[in-house]
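First up is the structure itself, then whatever we jot down about it.
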Amino acid sequence: MSYCKICGDENNVSYYAGNRGNLCPSCAKNTPRKVGFAEFVAAYFKGQDMTDYGNHNTAKEFYDDYRASTHNLADYIKATTSAIM
């Protein structure tokens, strides 16, 4: 059975292109198209050497989190790298 990767709903789930994946209609409406993995790594880990295997795993985890978010790339980077006071 398919479920929405953002809210977990199992009803009316469809696959949406643009790296968004399986989403319910509500989450699909609020989830922007996602960039591919290479573009994500280049923007998120700007200037860092990502050739190390461990770094690749870290990048993959962040990418999976980004894909399951309702943020576009710029907003995701801001939300996950900003200091919280």
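Which residues' amide hydrogens lie under 5 Å from the amide hydrogen of Tyr16, considering only partners 5 or more residues apart or on another chain, with H built in the peptide plane?
Gly21, Asn22, Leu23
Treating only the Cβ atoms of Lys and Arg (+1) and Asp and Glu (-1) as charged, compute the dipole magnitude of the chain about its Cα centre; round to the nearest 20 debye.
Value, rounded to 20: 300 debye.
May I ask you to derive the relative contact order of the chain, considering only C-alpha pairs under 8 Å and at least 6 residues apart, and to give it as an integer percent? Working shown, then result.
Numbers: 86 pairs, mean separation 21.0, N = 85.
Relative contact order for the chain comes out at 25 percent.
Within the chain, list the chymotrypsin sites (Phe, Trp or Tyr not before Pro) lying in a DSSP loop whose Cβ has at most 16 other Cβ atoms in a 10 Å radius.
Passing both the DSSP loop test and the Cβ count: Tyr3, Phe45.
Using the Karplus curve 6.51 cos²θ - 1.76 cosθ + 1.60 with θ = phi - 60°, what ³J(HN,Hα) values do you get for each residue of the range 60-70, in whole Hz, with x for Gly and Pro?
5, 5, 5, 5, 4, 5, 4, 5, 8, 9, 9
Determine ³J(HN,Hα), in whole Hz, for all residues of the range 43-49 in sequence, where each value follows from phi through the Karplus function 6.51 cos²θ - 1.76 cosθ + 1.60 and θ = phi - 60°; x replaces Gly and Pro.
Here the 3J(HN,Hα) series is 7, 6, 10, 3, x, 9, 7 Hz.
May I ask you to compute the full-extension gain from Asn30 to Thr80, defined as 0.36 nm times their residue separation minus their alpha-carbon distance, rounded to one decimal in nm?
16.1 nm
Say the dipole of the chain comes from +1 at the beta carbon of Lys and Arg and -1 at that of Asp and Glu; which of Tyr66, Ala17, Phe45 then lies farthest toward its positive end?
With unit charges placed on the Cβ atoms, the residue in question is Ala17.
Rounded, prolate or oblate, given the Cα gyration tensor of the chain, with a/c below 1.5 counting as rounded?
Since a/c reaches 1.5 and a/b is larger than b/c, the shape of the chain is classed as prolate.
No lab work stands behind these numbers, since they all come straight from the coordinates. Quick caveat: nothing in here was measured; it's all calculated off a predicted structure. A quick note on method: Cβ atoms are made from the backbone with ideal geometry, for glycine too, and the neighbour counts reach across all protein chains shown.
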